[in-house]
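Scroll down for the structure; my scribbles are underneath it.
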Amino acid sequence: MHRGLQTEIQRISLLTLFLLIFGFLNGHLLLTLLIGGGLYMLWTFSHIAKLYDWLDQGCAGLPPEASGVWGDMTDYLYRMQQRNDRAKQSRRNLSERVRNITSALADGVLTLSPDRVLEWWNPASIKLLGLKKSDRGQSIINLVRDPRFVAFIQSDSFSTPLELTSPEDPTKTLLFSAAEFGEGDIILVVQDITRLRNLEQMRQDFVANISHELRTPLTVLSGYTETLIDSADDLPKGWEKALDQMQQQTDRMSALANDLVMLSQLESTRTPPPSTPVDTTSLLQQIAEDAKVIAKENNDTENNDIITIDCSDDIMINGDTKELYSAFSNLVFNAIKHNPPGTEIQIKSYTDKKANVIEISDNGNGIDPKHIPRLTERFYRVDHSRATTTGGTGLGLAIVKHVLMRHGGSLKIFSTLSKGSTFICHFPKPKPKT
Ligand code: ADP
């Protein structure tokens, strides 16, 4: 039992005993009990009144003096009040700290309600997105109107951040990342990545320029080597092998320079390829013919049936013929380069429910599954030691990936060791004209 309650019971018992004895002595027991009980109630009400006063004043200052149950109750209320004050203060300190941290951030931080209404933002967001006080309560879609941003912020998952030119300053590039918190609220983080993009651009320009500059001296070197090989009979003995190797290496370097120039162009061109309809059937037929010539040269095979082509659906892809030729020919030439002579290669084009598909498969060596996720990385090769013999640059599949991306497509690779590989290019079907 609480101490206050014990004291109160003792007090009432003593008071009753005292009133009983006093009532017997003065001969007015009932009256004495009534007066005593009334006085006790008055005393109790005075405590209640003091407590109400203190509560009405918002528990300011010390609680009223009391003993017994009332002392216990006021103490209890006072302690609760103190705890509450401390919690409030620590919440205030925390929110002040969060405000200071977000104010110091160079990145913009914004919170949106589940229906994408702007609730709060830090000072950096004002600079990056040009927000005003009156924008609070507005839908973010009315403030950043780029259709790519609208699609990004309205999507359910924000797994891929979005890169956009700043709506405030077209020289700046912004990166938007978002995440859900609480009950569907959204935190949006805006980073200024202009410097990073400029550095990336410098790297791309450097690679593109140096590869471009290398092409002319390599052409001269290759030309002279060829002339020397043609007149090898007039040269001292032993020069033939050296000249052959010189030409092989010059050809490799030229291929590398050409692939680097192509990759840099694909990476740096932000505009989509021209949307001219490309007849993939005749493009694939031309690639198959070119591949047969290469197969003959490389593998000394006379068998022209190793490359079969089946374009049951005549597929037109909106895009750039040169880029598409480069992508498909890389896949077909790879099937020749990286497999033993006589490997059968199938080129197919068809439409399925969702996409236009170009499929290139072979029954060659296959690729260990552990390499597949990295095959489209630049300079990634399964077998580095064979790079010299195959003449590969390690850039072929990176070029394929970029071309497909620029055409809204994607590449899937399936392969089983000793059974062969299949490279599938999916392209979005053109929307029917309304
Ligand atoms: P490379 O210039 O070496 O051909 P790619 O990027 O085109 O570079 O290909 C990367 C690697 O993938 C190649 O080095 C090769 O090991 C492997 N590869 C690509 N296509 C095939 C294929 N059809 N069969 C077996 N291996 C392949």
### Task
Could you please report the charge total around HIS426, scoring K, R as +1 and D, E as -1 over all other residues with beta-carbon less than 12 angstrom from its beta-carbon?
+2
### Query
Regarding the range 197-268, what is the average projected area of its C-alpha convex hull, in nm²?
5.0
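Charges at C-beta only: +1 for Lys and Arg, -1 for Asp and Glu. How large is the resulting dipole of the range 2-124 about its Cα centre, in Debye rounded to 20?
Numbers: 12 positive and 11 negative charges, 57 e Å.
That gives the range 2-124 a dipole magnitude of about 280 debye.
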### Summary
the range 277-428 accessible area per residue, 1.4 Å probe, protein heavy atoms, integer Å², reads 48
### Task
In vacuum, with every alpha carbon of the range 40-121 counted as one equal point scatterer, what does the Debye formula give for log10 I(q)/I(0) at q = 0.12, 0.18, 0.26 Å⁻¹? Two decimals, please.
-0.58, -0.81, -1.19
### Message
Please list, by residue number, every one of the trypsin sites (Lys or Arg not before Pro) in the range 345-428 that is coil in DSSP and has at most 10 other beta-carbon atoms within 10 Å.
### Response
LYS353, LYS354
### Message
Tell me the accessible surface of ASP259 in square angstrom (1.4 angstrom probe, heavy atoms of protein chains only), to the nearest ten.
### Response
40
### Accessible surface, 1.4 Å probe, highest first, among residues VAL109, VAL117, VAL98
VAL98, VAL117, VAL109
### Cα coordinate range in the chain, projected on the principal axes (Å, largest first)
152, 58, 47
### Task
Over the range 3-95, with every protein chain in place, what whole percent of the accessible area is carbon and sulfur at 1.4 Å, could you tell me?
67
### Summary
Which of LYS172/LYS370; LYS241/LYS296; LYS296/LYS419 exceed 31 Å between C-alpha atoms? The answer is LYS172/LYS370
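Once you sort the root eigenvalues of the Cα gyration tensor of the range 131-186 as a ≥ b ≥ c, which label holds: rounded (a/c under 1.5), prolate (a/b larger than b/c) or oblate (the other case)? Write down the numbers at each step before the final one.
Numbers: a/c = 1.97, a/b = 1.17, b/c = 1.69.
Here the range 131-186 falls in the oblate category.
How large is the accessible surface per residue of the range 197-268, computed with a 1.4 Å probe and reported in Å² as a whole number? Walk me through the intermediate numbers first.
Details: 4940 Å² over 72 residues.
Heavy-atom accessible area per residue stands at 69 Å².
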### Query
Where does each of 287-294, 87-94, 73-80 land if you order them by average Cβ count within 10 Å, highest first?
287-294, 73-80, 87-94
### Query
With +1 on each Lys and Arg Cβ and -1 on each Asp and Glu Cβ, how big is the dipole of the chain about its Cα centre, in debye rounded to the nearest 20?
2060
### Query
Any idea what angle helix 280-299 forms with the longest principal axis of the chain, computed on alpha-carbon atoms, 0 to 90 degrees, nearest 10?
60
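Any chance you could run the full-extension gain for GLU289 through SER90? It's 0.36 nm times the residue separation minus the Cα-Cα distance, nm to one decimal. Mind showing how you got there, number by number?
Working: separation 199, 0.36 × 199 = 71.64 nm, distance 7.68 nm.
Full extension of this stretch gives 64.0 nm more.
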### Anchor LYS429: lysines whose Cα lies under 24 Å away (excluding residues fewer than 8 positions away in-chain)
LYS322, LYS348, LYS353, LYS354, LYS401, LYS412
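Calculated from DSSP H runs of 4 or more alone, at -39500 (n - 2.57) each and per residue, what is the 222 nm mean residue ellipticity of the chain, nearest 500?
Details: 12 runs with 227 residues, N = 434.
It lands at -18000 deg cm²/dmol.
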### Task
State the answer as a single residue: which of LEU29, THR393, SER211 lies farthest towards the positive end of the charge dipole of the chain, with beta carbon charges of +1 for Lys and Arg and -1 for Asp and Glu, about the Cα centre.
LEU29
### Selection from LEU221, SER410, ILE12 lying farthest towards where the dipole of the chain points positive, charges on Cβ
ILE12
### Query
In whole Hz, what ³J(HN,Hα) sequence does the range 214-219 give by Karplus (6.51, -1.76, 1.60; θ = phi - 60°), x for Gly and Pro?
6, 5, 5, x, 5, 5
### Query
Where the only charges are on Cβ atoms (+1 Lys, Arg; -1 Asp, Glu), what is the dipole of the range 197-268 about its Cα centre, to the nearest 20 debye?
300
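Which value, to two decimals, describes the C-alpha radius of gyration of the range 277-428 once divided by 2.2 N^0.38 Å? Don't skip to the answer; put the middle values down first.
Working: Rg = 14.5 Å, N = 152, 2.2 N^0.38 = 14.8 Å.
For the range 277-428, the normalised Cα radius of gyration comes out at 0.98.
Below 8 Å, C-alpha to C-alpha, sequence gap of six or more: please give me the relative contact order for the chain in percent.
Working: 582 pairs, mean separation 38.2, N = 434.
9 percent.
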### Query
Given SER155, PRO369, TRP120, which one lies farthest toward the positive end of the charge dipole of the chain, if we put +1 on the Cβ of every Lys and Arg and -1 on the Cβ of every Asp and Glu?
TRP120
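The values are calculated or read from the model by the stated rules, or taken from the named source; none is laboratory data. In this text the structure is predicted, and so the values were computed from the model without any measurement. Neighbour counts run over all protein chains shown; Cβ positions are idealised from the backbone, glycine included. All accessible areas refer to the heavy atoms of the entire protein, side chains included, with ligands and DNA or RNA removed. Shrake-Rupley method; radii C 1.70, N 1.55, O 1.52, S 1.80 Å.
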